[in-house]
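Values quoted throughout were computed directly from the atomic coordinates according to the rules given, and no laboratory measurement underlies them. Treat the numbers as computed from the prediction; the structure is a model and nothing was measured. A quick note on method: Cβ atoms are made from the backbone with ideal geometry, for glycine too, and the neighbour counts reach across all protein chains shown.
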Amino acid sequence: MKALILNGEEVDGLSLKHISKSIKEELRSCDFEVEEILLKEKEIADCLGLFKCWVKTPGICIIDDYGRKTAAKLINSELVVFLTPVTFGSYSYQLKKALDRMIPLISPYFKKIEGEFHHRKRYSKYPSILAVGVMEKINQAQSKIFKELVKRNSINFHSAYCETEVFEVADDFNNKKIKNLVKVISEKVGEQND
C-alpha cells in the first residue's frame, strides 16, 4: 500500500520534521510504502480558478508544475496524510495551495451525498485521509474547525476513511496517540484494499 505525506510546513514556521518522522515510522511498520512531499521545497503555483482542468484538459491541471505531479501521486495512493500547522482552524498556505490544485481529480458534475450536493468521482478509487494538525498551544475552537474542514474535504475527495487529530508542538510524537491514530487508519485502509 502507498501512503503520501503532504507536509505543509511553512518556510519560516514550525518545523514538523520530528512529527513527520514519527508518522513515517508508524506507517512503515504497518506495511506502507511512504513518500513525503515537503511542499515548501516544490514549485506549486496557486490555482487560477479557471476550471480548464474540468473542460479543456479533463483531469489534468493546465499549470505544468509540481502541483500536477502531486495530484498524480495523491490519486495513486491508498492513504494521504495532511501534515500541517493549524492556521485559524485551517491548513497552512503550503498545504492549502497544493490541495486547491487537486480539483482536477473530481468531476465537474454533482451528485447528492447524504442530502448535500458534492462533486462526482472522476476515478474509481480515492485515498483515505489522515490529517495531523499542529499548534503551539491547543485552541479548542480552531481544533474543532480544523476537524470539520478535514471531514468536509474527505467527502469531496470521496475518501473511504478519514482520521484527524490536533497536537501541540511540544507533544511527544513517539507517543501512543500517534501510534494509535496511524494504526486505526492503517487497519481501515488495509481492510478496504483486501
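Using a 10 Å cut-off on Cβ atoms, rank the peptides 135-143, 108-116, 120-128 from the highest mean neighbour count down.
On the way: 135-143: 12.9, 108-116: 9.8, 120-128: 16.2.
Highest-to-lowest ranking by the protection proxy: 120-128, 135-143, 108-116.
Can you give me the relative contact order of segment 2-193 as a percent, contacts being Cα pairs under 8 Å and 6 or more apart? Can you show the working numbers first?
Values: 331 pairs, mean separation 46.0, N = 192.
Relative contact order here is 24 percent.
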Q) residue 177 to residue 123: FRET efficiency via 1/(1 + (r/R0)^6), r the Cβ-Cβ distance, R0 30 Å, to the nearest 0.05? A) 0.40
Q. Once you list every other residue whose beta carbon is under 13 Å from the beta carbon of residue 145, what net charge do they have if Lys and Arg are +1 and Asp and Glu are -1?
A. +3
**Q.** Förster-model FRET efficiency, 35 Å R0, residue 46 and residue 17, C-beta, rounded to 0.05
**A.** 0.85
Q. Ranked from highest to lowest mean number of other Cβ atoms within 10 Å per residue, what is the order of the peptides 20-27, 35-42?
A. 20-27, 35-42
**Q.** Set of aspartates and glutamates near residue 144 by C-alpha distance (under 20 Å), chain-local residues within fewer than 8 positions excluded
**A.** 136, 163, 165, 168, 171
**Q.** Loop chymotrypsin sites (Phe, Trp or Tyr not before Pro), segment 11-88 (other Cβ atoms within 10 Å of the site Cβ: 13 or fewer; DSSP)
**A.** 51, 88
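Can you pull the Kirkwood radius for segment 107-184, inverse mean 1/r over Cα pairs, to one decimal in Å? Mind dumping the intermediate values first?
Details: mean 1/r = 0.0706 Å⁻¹.
Kirkwood hydrodynamic radius for segment 107-184: 14.2 Å.
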Q) Per residue and in cubic angstrom, what volume does the convex hull of the Cα atoms of the chain have? A) 117
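Would you kindly state how much longer the chain becomes between residue 35 and residue 76 on full extension, computed as 0.36 nm times their sequence separation minus their alpha carbon distance, in nm to one decimal?
On the way: separation 41, 0.36 × 41 = 14.76 nm, distance 1.17 nm.
Extra length from residue 35 to residue 76 when fully extended: 13.6 nm.
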Q: Tally the DSSP beta bridges in segment 2-193 and give the antiparallel ones as a percent, rounded to 5.
A: 20
Q: With unit charges on the beta carbon (Lys/Arg positive, Asp/Glu negative), name the residue among 140, 124, 23 whose Cα is farthest towards the positive pole of the charge dipole of segment 2-193.
A: 124
Q: With springs only between Cα atoms under 10 Å apart, run a GNM on the chain and tell me which of 164, 57, 84 wobbles the most.
A: 57
Q. Simple spin-label model, 7 Å along Cα-to-Cβ: residue 25 to residue 109 in nm?
A. 4.8
Q.
Please enumerate, by chain and number, the lysines with C-alpha under 19 Å from the C-alpha of residue 52, excluding those fewer than 8 residues away in the same chain.
A. 69, 97, 121
